[in-house]
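Input: a single structure, listed below in structure tokens.
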Amino acid sequence: MKLLRLIFPSLAALSLTLGLAPSVRAQMPHTATLDFDQLQEIGLAIAQEAAQRTQFQQYDIALQQVELATQLVPNDFRVWAVAADIYLRTDKLDDGIKALNVARKLEPKDPAIHLALGTAYFRKKDYATATQNYEAGLKLKPDSPGALFDLGNAYYVTGRLGEALSSFQKAVDLGDKFWEATNNIGLVHYEQGKRDQAIAAWKRALSINNKAAEPQLALAVALYAQGDRKQSLRLAETALKTDGQYGDVKFLREQLWGDRLVKDTEIFLATPQMKSVLAQVDTSPPSPSRPQ
């Protein structure tokens, strides 16, 4: 999501500009008044600082600041967008959606707001509403590979495989280095029973990023199902040593692996060779303090 860009780098700088250092401002007499422009400047600066604090994961303070900013500048869609961003980062999905709806009402032609709403509803597993918002955003900005990828995922999880494939392909056509979209083309093909096409897609994804764990493991599973034991084991071992989470079927589901691929993966991971590999890797998710 786009964050606010303002002329004041921090609330402290704005305070100095107005001649109101924080320690002095708190002691101002109640009879002092600020005009609308000053209140707006203060509100925008607070929102800017809140956005900056999110980069350091200082969410508690950022939330307090941005909620104050929405009271001071209730008619600026950018402030509500910052508020929504912080809510979504802290898993306050309903609050984030409410903030985005205010932002959309204030600025209905900003595609980023529609797309952010799509992502928020996708996280709530309201895929129909997510799809509507992705489509609305793409009407305003049709050349966004990331948005096409997200829309493809929404189509995919609701079983609209043909539309998902088309959306992923459009994303690839707009950004030829977009290995994730190429990878998901493989996911669609596999669920359609087109194993050879899925294999070709995962090979293309690896030609773009040969260190990506997901297409490596997916390709390994598909090759194993075809009887290529040696290459499949080599690929799978490399993939799981790169990211052990892919050895967890629950994680694979979260990555949108479909029923057909998950079933074949479970068979593959149950082999003695893969059990040995899994015993050597950590399949748990990274801790918050560990970079992903």
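Within the range 144-185, being touching a helix residue (DSSP H, G or I) at 6+ places or on another chain (Cβ under 6 Å) and not in a helix (DSSP H, G or I) holds for Thr158, Gly175, Lys177, Phe178. Across the range 138-192, what is the number of residues that are acidic (Asp, Glu) and either crowded, with 24+ Cβ neighbours inside 10 Å or over 24 Å from Ala220 (Cα atoms) (or both)? Of the residues in the range 138-192, 4 are acidic (Asp, Glu) and either crowded, with 24+ Cβ neighbours inside 10 Å or over 24 Å from Ala220 (Cα atoms) (or both). Evaluating Gly159 against the criteria (1) within 26 Å of Lys109 (Cα to Cα); (2) free of Cβ contacts under 8 Å to residues at least 24 places away in the same chain; (3) of a type in the set (Gly, Ala, Ser) leaves one unmet condition, (1). Considered as a group, the residues in the range 48-79 that are buried (at least 19 other Cβ atoms within 10 Å of the Cβ) and acidic (Asp, Glu) include one that is nearest to Thr90 (Cα to Cα), and that residue is Glu49. Pairs are defined by a Cβ separation below 6 Å, a sequence spacing of at least 6 or placement on different chains, a first member in the range 105-120 that is under 15 Å from Gln132 (Cα atoms), and a second member that is in a helix (DSSP H, G or I) and of a type in the set (Phe, Trp, Tyr); the pairs so defined are Gly118/Tyr134.
Mind checking whether some residue in the range 243-254 is over 26 Å from the mean Cα position of the chain (by Cα) and farther than 26 Å from Thr158 by Cβ? So far as the range 243-254 goes, no, none of its residues is over 26 Å from the mean Cα position of the chain (by Cα) and farther than 26 Å from Thr158 by Cβ. The residue that is farthest from the chain's Cα centre (by Cα), among those in the range 186-197 that are in contact (Cβ under 8 Å) with a residue 24 or more places away in the chain and either under 19 Å from Tyr134 (Cβ atoms) or in a helix (DSSP H, G or I) (or both), is Arg195.
Residues in the range 121-135 that are in a helix (DSSP H, G or I) and free of Cβ contacts under 8 Å to residues at least 24 places away in the same chain were compared, and the one that is farthest from Lys170 (Cα to Cα) is Thr129.
For the range 218-237, does any single residue satisfy the condition of being surrounded by 15 or more Cβ atoms within 10 Å (Cβ to Cβ), within 16 Å of Asn184 (Cβ to Cβ) and among the β-branched types (Val, Ile, Thr)? Among the residues of the range 218-237, at least one is surrounded by 15 or more Cβ atoms within 10 Å (Cβ to Cβ), within 16 Å of Asn184 (Cβ to Cβ) and among the β-branched types (Val, Ile, Thr), which makes the answer yes. State the number of residues belonging to the range 53-79 that are closer than 24 Å to Pro111 by Cα and under 19 Å from the mean Cα position of the chain (by Cα). Number of matching residues: 2. Of all positions in the range 32-47, none carries a residue that is within 25 Å of the chain's Cα centre (by Cα), surrounded by fewer than 20 Cβ atoms within 10 Å (Cβ to Cβ) and at pLDDT below 90. Contact annotation: residue pairs with Cβ atoms under 9 Å, 6 or more positions apart or on different chains, pairing a residue in the range 231-244 that is farther than 19 Å from Gln255 by Cα and in the same structural domain as Ala213 (by TED's automatic domain parsing) with a partner that is modelled with pLDDT of 95 or more and of a type in the set (Ser, Thr, Tyr), are Gln231/Tyr224; Ser232/Tyr224; Leu233/Tyr224; Leu233/Thr271. Residues that are farther than 18 Å from Tyr246 by Cβ and among the acidic types (Asp, Glu) were ranked within the range 192-228; the one that is modelled with the highest pLDDT is Asp196. Here the condition is being of a type in the set (S, T, N, Q), more than 25 Å from Tyr156 (Cα to Cα) and modelled with pLDDT under 95; of Ser232, Ser289, it holds for Ser289 alone. Per this entry, Leu174 is counted among residues that are more than 16 Å from Tyr246 (Cα to Cα) and aliphatic (A, V, I, L, M).
The values are calculated or read from the model by the stated rules, or taken from the named source; none is laboratory data. These numbers come from a predicted model, not from an experiment. Backbone-built Cβ (ideal geometry, glycine too); neighbour counts: all protein chains shown.
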